[in-house]
Amino acid sequence: MSDQAPSSITPKPKAPITLSTLNKLKAEGKTFSCLTCYEASFAHAMQLADIDTILIGDSLGMVVQGQSSTLPVGVQDMVYHTQNVVRGNSHALILCDLPFMSYATLSDAITSAKAVMQAGANVVKIEGGSELSDTVKVLTNNGVPVCVHLGLTPQSVNVFGGYKVQGKTDAQADKLMRDCTAVVNAGASLLLLECVPAPLAKAVTERFDVPVIGIGAGVDTDGQVLVMHDMLGIYTRKPAKFVKNFLTDDSNQTKDIVGAFKAYHHAVKQRAFPTKQHSF
Ligand code: KIV
């Protein structure tokens, strides 16, 4: 660590990515990269690699806190990690999860969203489907852009009975499409699909004008996201099928962390990741 730590983590100014940037990329058929991040040094490394969007995910419960699910994470955890990330990155659009039960009522949603937006988030992410329509409307009407996370929604792990691929049957696929329609009509700015069959994610991406981010959802979504620890090979459990280690991959020329982020960003931009091997 250098004696000049504060200035060494000050990123060079770059044009910030906004929702308009993502909408434009979608309209042009171009993709964007997203990684989870929880602190300033990695956020700075992501800026050096031009990562387009950062998610302060409640996955921090597992990868940072060592919990067995995202359920113990609270709003103050999200605020703390968001504050740290935004100090390290002035380029990426910042998405922040509202954690488990922090948006169960409209009043809770407003209080939680206010806290993470004041910490520096640009967009909040909430998990669910059509039942979130009123929440999406209220937040959007109050100046809070919303990303709705559908498919495998980890906050509902106890309902699903494990981390399983969703939307495999025609009935499940129809329901997912109806849920997407409801939240987009309510004003959602982004959708995020986790662990759904690639053809279904493609159909959702083509159906809606809002950008769709995928994880374990095939190559045809508008953006891709991975948990940072997973793509650096820091596993506390067996990695999911959709995970690729970019630290050790041949495409990482420098074999360091910034190199891994650059290799991931480049692979997403080229639609070289995910391959069929990393999709359902
Ligand atoms: O919390 C998180 O990291 C997420 C990703 C898995 C998309 O929601």
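The values are calculated or read from the model by the stated rules, or taken from the named source; none is laboratory data. A quick note: this is a predicted structure, and the numbers were derived from the prediction, not measured. Glycine gets a Cβ as well: all are built from the backbone with ideal geometry, and neighbour counts include every protein chain shown. Side chains are part of the model used for accessible areas, which takes the heavy atoms of the whole protein and leaves out ligands, DNA and RNA. Shrake-Rupley method; radii C 1.70, N 1.55, O 1.52, S 1.80 Å.
Just a yes or no: is a residue in the range 27-40 within 20 Å of Cys96 (Cα to Cα), in a loop (DSSP other than H, G, I, E, B), open to solvent by 20 Å² or more (accessible area, probe 1.4 Å) and at pLDDT 95 or above?
Yes, there is a match, as at least one residue in the range 27-40 is within 20 Å of Cys96 (Cα to Cα), in a loop (DSSP other than H, G, I, E, B), open to solvent by 20 Å² or more (accessible area, probe 1.4 Å) and at pLDDT 95 or above.
Right, Ile110: under 30 Å from Ala267 (Cβ atoms), in contact (Cβ under 8 Å) with a residue 12 or more places away in the chain and of a type in the set (Val, Ile, Thr) or not? Working first, answer last.
Working: under 30 Å from Ala267 (Cβ atoms): no; in contact (Cβ under 8 Å) with a residue 12 or more places away in the chain: yes; of a type in the set (Val, Ile, Thr): yes.
So Ile110 fails the test.
Which members of the range 188-204 meet the condition of being open to solvent by 10 Å² or more (accessible area, probe 1.4 Å) and more than 12 Å from the ligand (Cβ to nearest atom)?
Across the range 188-204, the qualifying residues are Ser189, Pro197, Ala198, Pro199, Leu200, Lys202, Ala203.
Residue by residue, here is whether (1) loosely packed, with under 15 Cβ neighbours inside 10 Å; (2) within 15 Å of Ile51 (Cβ to Cβ); (3) at pLDDT 95 or above holds:
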residue	(1), (2), (3)
Asn245	no, no, yes
Asp250	yes, no, yes
Lys255	yes, no, yes
His265	no, yes, yes
Val268	no, yes, yes
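Taking the stated definitions as given, is Thr169 free of Cβ contacts under 8 Å to residues at least 12 places away in the same chain and of a type in the set (Val, Ile, Thr)?
Details: free of Cβ contacts under 8 Å to residues at least 12 places away in the same chain: yes; of a type in the set (Val, Ile, Thr): yes.
Here the answer is yes, as Thr169 does meet what is asked.
Scan the range 226-243 for residues that are within 10 Å of the ligand (Cβ to nearest atom) and open to solvent by less than 10 Å² (accessible area, probe 1.4 Å) and jot them down.
Those that are within 10 Å of the ligand (Cβ to nearest atom) and open to solvent by less than 10 Å² (accessible area, probe 1.4 Å): Leu226, Met228.
Could you please let me know if Gly128 is within 17 Å of the chain's Cα centre (by Cα), open to solvent by less than 30 Å² (accessible area, probe 1.4 Å), at positive phi and away from the ligand (no atom under 16 Å from the Cβ)?
Details: within 17 Å of the chain's Cα centre (by Cα): yes; open to solvent by less than 30 Å² (accessible area, probe 1.4 Å): yes; at positive phi: yes; away from the ligand (no atom under 16 Å from the Cβ): no.
So Gly128 does not fit the description; no.
Can you tell me which residue is modelled with the lowest pLDDT among those in the range 166-187 that are open to solvent by less than 30 Å² (accessible area, probe 1.4 Å) and farther than 19 Å from Leu19 by Cβ?
Restricting to residues being open to solvent by less than 30 Å² (accessible area, probe 1.4 Å) and farther than 19 Å from Leu19 by Cβ, the top hit is Gly167.
Report whether or not Ser156 is open to solvent by 20 Å² or more (accessible area, probe 1.4 Å), within 16 Å of the ligand (Cβ to nearest atom) and out of contact with any helix residue (DSSP H, G or I) (no Cβ under 7 Å at 6 or more places or on another chain). Steps first, answer last, please.
Values: open to solvent by 20 Å² or more (accessible area, probe 1.4 Å): yes; within 16 Å of the ligand (Cβ to nearest atom): yes; out of contact with any helix residue (DSSP H, G or I) (no Cβ under 7 Å at 6 or more places or on another chain): yes.
Criteria met by Ser156.
What number of residues within the range 69-79 satisfy the criterion of being within 15 Å of the ligand (Cβ to nearest atom) and crowded, with 16+ Cβ neighbours inside 10 Å? It would help to see each step written out before you state the result.
To start, the set of residues in the range 69-79 that are within 15 Å of the ligand (Cβ to nearest atom) comprises 69-75, 77-78.
From what is left, the residues that are crowded, with 16+ Cβ neighbours inside 10 Å are 69-71, 73, 75, 77-78.
Of the residues in the range 69-79, 7 are within 15 Å of the ligand (Cβ to nearest atom) and crowded, with 16+ Cβ neighbours inside 10 Å.
Looking at Ser102, is it within 13 Å of the ligand (Cβ to nearest atom), surrounded by 16 or more Cβ atoms within 10 Å (Cβ to Cβ) and assigned to a loop (DSSP other than H, G, I, E, B)? Before you say what the answer is, go through the steps one by one.
Details: within 13 Å of the ligand (Cβ to nearest atom): no; surrounded by 16 or more Cβ atoms within 10 Å (Cβ to Cβ): yes; assigned to a loop (DSSP other than H, G, I, E, B): yes.
Taking the combined requirement at face value, the residue does not satisfy it.
Looking at Cys147, Cys96, which one is more than 15 Å from Asp179 (Cα to Cα) and either open to solvent by less than 10 Å² (accessible area, probe 1.4 Å) or without any contact (Cβ under 8 Å) to a residue 24 or more places away in the chain (or both)?
Cys96
Tell me yes or no: at least one residue of the range 56-68 is over 26 Å from Val258 (Cα atoms), outside any strand (DSSP E or B) and more than 13 Å from the ligand (Cβ to nearest atom). Don't jump to the end; show me each part of the working.
Within the range 56-68, the first condition is being over 26 Å from Val258 (Cα atoms), and the residues that meet it are 67-68.
Still in the running and outside any strand (DSSP E or B): 67-68.
Remaining after also requiring more than 13 Å from the ligand (Cβ to nearest atom): 68.
Within the range 56-68 (the criterion being over 26 Å from Val258 (Cα atoms), outside any strand (DSSP E or B) and more than 13 Å from the ligand (Cβ to nearest atom)), the answer is yes, since at least one residue qualifies.
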